[in-house]
Each structure stands twice: as C-alpha cells, then as structure tokens.
Amino acid sequence: MNEKENGRDTLLAAAVRLRVEGRPEEARSLLLSLSAAHPTDAEVAYQTAWVHDVLGLEAEAVPFYERCLHGPGLSEEDRRGALLGLGSTHRVLGRYDRAVEVLSAGVEEFPDDGALRAFLAMALFNTGEYHACTRLLLELVAADGQDPYVRQYRKAIEHYARDLWATG
C-alpha cells in the first residue's frame, strides 16, 4: 500500500468514526476533502452520501450515491446500503418514480433483502401502487416467521399477497 492509499484509509476510518460518534459535521468536512482528492473512489463517495443523509442534506447526498454505484469498489453490504440510501433519499425528496426505479433494481439485485423491499413498498405507496405495496409488505410479514400466529397463517398470507382480491 502506498502512502496516498494509507492516508486515504486513515482519513476514511476517522470520518466514519466521527459519524458513528455523532459528529457528522466534522465527518462531512473530512469526507468532502477526501471526495475531492479521490473523485472515483466508490467507498469514499458512499460514506460521503451517508453523512449527508445523516445531516438531512438529502439533495446533496444524491450525486455521491450515484457516483458510488456507477463503478466498482463497494462491498456487497455497502452496495445494498447505497441502493437503499439512494432510493430512500429520492423518496424523501418526493422523487417517487425514481425511488421505485432504484429500489426495484436493488430488490432485483438482492431479492433476500427485506429492508430494500420495505423501502420499495413505501415508495410504491407514494406512487399510488397500493396493491404492489401491500403485496410486498404481506410477503415480508409471511417471510419473517417469528410471530407464531403469522407462522400459523403463513400459507394464507402468502396466497393473499399474490392476489389481494382472492376470497379463498
């Protein structure tokens, strides 16, 4: 590892620590500097987007989310987080169709991710897609399997999730 990479790693770790410790303004300052120095670094872009979301600066987070998702360099976990973050951010900004698009792509890429599916359901609700929203939520409830009463009716819930108009 060269000196530049080592410095980047140290500063990125410090910025993440600041965010986790509840000092997002300091983290943001450090991450903006890192982003300027490493404009193609997906991990830096992801952390920069995240801190903007933490600060309620959703519109400023979007380009960083887009940057981190358009190239290699993110772990699978961070890619999931970035897709969820970007989709959720579009939703918060009232860009519901774009939120559905991003979150649908996330669910397609990570079909086992319940958080992506839950946020997609919220965006579908915002676009008036109530049937699709309810179907996703019912599928999540049925898949959870923790509640003994849900487990008892799991097959029925799954059936109605596929066709909410069914009567039996």
Legend entry - residue 126, sole failed condition from (1) without any contact (Cβ under 8 Å) to a residue 12 or more places away in the chain; (2) under 29 Å from residue 70 (Cα atoms): (1)
Legend entry - Filter result for the condition that a residue is under 30 Å from residue 138 (Cβ atoms), at pLDDT below 95 and assigned to a helix (DSSP H, G or I), over 98, 117: 117
Legend entry - Conditions (1) more than 18 Å from residue 31 (Cβ to Cβ); (2) in contact with an Asp or Glu (Cβ under 8 Å, 6 or more places away or on another chain); (3) surrounded by 15 or more Cβ atoms within 10 Å (Cβ to Cβ); number of the one not met by residue 136: (2)
Inset, instruction - Name, by its number, the condition in (1) closer than 22 Å to residue 18 by Cβ; (2) of a type outside the set (Phe, Trp, Tyr); (3) touching a residue at least 12 places away in the same chain (Cβ under 8 Å) that does not hold for residue 113. - result: (1)
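The values are calculated or read from the model by the stated rules, or taken from the named source; none is laboratory data. All values reported here derive from a predicted model rather than from experimental measurement. Cβ: placed from backbone, ideal geometry, glycine included. Neighbour counts: every protein chain shown.
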